[in-house]
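Q: To start, I am sharing the structure in question, which I have written as structure tokens.
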Amino acid sequence: MDRQSALAFARSDVSTLPLYAPDATPCAIDLSDNTNLWGAPPAALDAIRSAECASVSRYPALYSEPLRDLLLRHVGLGQDSACDVITGCGSDDVLDSAMRAFSVSGASLAYSTPTFSMIPVLARLTGLRPAPIPFAENFDIDAERLVDTHAEVTYVCTPNNPTATIASRTAVEYVVRNATGIVILDEAYAEFAPETFVDLLEENERLLITRTFSKAFGLAGLRVGFGVGSSEITRLVARARGPYKVNALAERAVHAALSSHVGGRDWVATHAALVIENRNRLVAELAQRGLTALPSFANFVLVPSPDALRVSRELATRGILVRVITGLPEVPTALGNAKGTALRIGVGPWDMMRELLTALDEAI
Ligand SMILES: *Cc1c(COP(=O)(O)O)cnc(C)c1O
């Protein structure tokens, strides 16, 4: 058997790329992936249970039409808005498709680092040269340096994963107004953030804002995300994406979550409010233990610590999984001082947070 044969024909960007393999030690309490730790909206679960044969034996919608009006309303835009939406198999799919649509030969992707780990990966897979720019000391994006890259695609994540920090409106507006190419604004954690930048869509046709149903909406397993922007940009992303990417059950569940009050939107809003309450409480408890979290505007906190790896192992033996982030840049100083390692901890019901704190007391 010729073991080399397939490898010899593979793109090197692909053959050298490690498979995504976060630590998935089975733990009773999994705080590692920023999902909704209360579960999923009851209305979405009911919609899946009551699905009929026809909804799985036939193809789902080609693109995003069945969810369009609900999604526009969800982000605060009217049906008469000049904007349109593009859905995807998770917002990863929307990000991937958007990058592919604009990855002309020699193009680059500017982004603040550290950010969502999929970004440099998707850049490589779509043929964009990554152009990472450090954050400012206060964890705002360095708008001038991002713009000065003249990148064909600029990615801004706010609130940002893994730091949980936000970009200032001044900086975001500067990037959106002055970037050479298109701007992708990832608002995966919008439900926990003090503001959204959807209003900027009205003035800029080269802006795409992405959202997901994987985090506050508790539907990570269904894989649904979407982008909103001018109909020009969403149509380009749709072409790069291809048809039938959101499966019929996922579409049904999202439709129900967005159109129901009690078991849908209200359920999500109630739990997002609980996240913020428990997050602030958790940050205070961590501080009492000498652990300083970065200011968080998401459903997780980042605690830079040179001891992150050891502490996470101790937590895992006590049944609690958190994400260890390594290889963080030397600036801002809060990351450099921690030797580039940190714990990223998801925020959930207080019972879970109490168990985490008890385990931490034993671990540190
Ligand atoms: C989790 C996350 C996503 C969501 O990915 P899905 O593919 O929608 O599950 C997107 N962006 C960021 C920054 C995230 O943290």
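The values are calculated or read from the model by the stated rules, or taken from the named source; none is laboratory data. Fair warning: this is a prediction, and the values are worked out from it, not measured in the lab. Note that each Cβ is placed from the backbone with ideal geometry, even for glycine, and that neighbours are counted across all protein chains shown. Just so you know, the surface numbers come from the protein's heavy atoms only, side chains and all, with ligands and any DNA or RNA stripped out. Shrake-Rupley method; radii C 1.70, N 1.55, O 1.52, S 1.80 Å.
Q: Out of all the residues in the range 96-118, which are within 14 Å of the ligand (Cβ to nearest atom) and farther than 18 Å from Ile133 by Cβ? Please lay out each step first, then the result.
A: First, the residues of the range 96-118 that are within 14 Å of the ligand (Cβ to nearest atom): 96-99, 111-118.
If the condition is that a residue be within 14 Å of the ligand (Cβ to nearest atom) and farther than 18 Å from Ile133 by Cβ, then Asp96, Ser97, Ala98 are the ones that fit.
Q: Across the range 191-233, what is the number of residues that are buried (at least 24 other Cβ atoms within 10 Å of the Cβ) and more than 16 Å from the chain's Cα centre (by Cα)?
A: 3
Q: So which of Glu173, Glu137 is in a helix (DSSP H, G or I), open to solvent by 10 Å² or more (accessible area, probe 1.4 Å) and away from the ligand (no atom under 11 Å from the Cβ)? Give the derivation first.
A: On the way: Glu137 fails: in a helix (DSSP H, G or I).
One residue alone meets the criteria, Glu173.
Q: Being surrounded by fewer than 21 Cβ atoms within 10 Å (Cβ to Cβ) and part of a helix (DSSP H, G or I) is the filter; apply it to the range 123-134 and report the residue that is farthest from the ligand (Cβ to nearest atom).
A: Result: Arg124.
Q: Between residues in the range 207-224 that are within 8 Å of the ligand (Cβ to nearest atom) and residues that are part of a helix (DSSP H, G or I) and acidic (Asp, Glu), which pairs lie under 8 Å by C-beta distance while being six or more apart or on different chains?
A: Listed pairs, sorted by first residue: Lys215/Glu191; Arg223/Asp93; Val224/Glu251.
Q: Report whether or not Thr163 is touching a residue at least 40 places away in the same chain (Cβ under 8 Å) and among the polar types (S, T, N, Q). Lay out the reasoning, then the answer.
A: Details: touching a residue at least 40 places away in the same chain (Cβ under 8 Å): yes; among the polar types (S, T, N, Q): yes.
When the stated conditions are applied, Thr163 passes them.
Q: Is it the case that Val147 is within 16 Å of the ligand (Cβ to nearest atom) and part of a helix (DSSP H, G or I)? Show your work before the answer.
A: Working: within 16 Å of the ligand (Cβ to nearest atom): no; part of a helix (DSSP H, G or I): yes.
For Val147, the condition - within 16 Å of the ligand (Cβ to nearest atom) and part of a helix (DSSP H, G or I) - is not met.
Q: Here's another thing I want to ask about it. Do we have any residue at all in the range 141-161 that's farther than 17 Å from Thr180 by Cα and surrounded by fewer than 21 Cβ atoms within 10 Å (Cβ to Cβ)?
A: No, the range 141-161 contains no residue that is farther than 17 Å from Thr180 by Cα and surrounded by fewer than 21 Cβ atoms within 10 Å (Cβ to Cβ).
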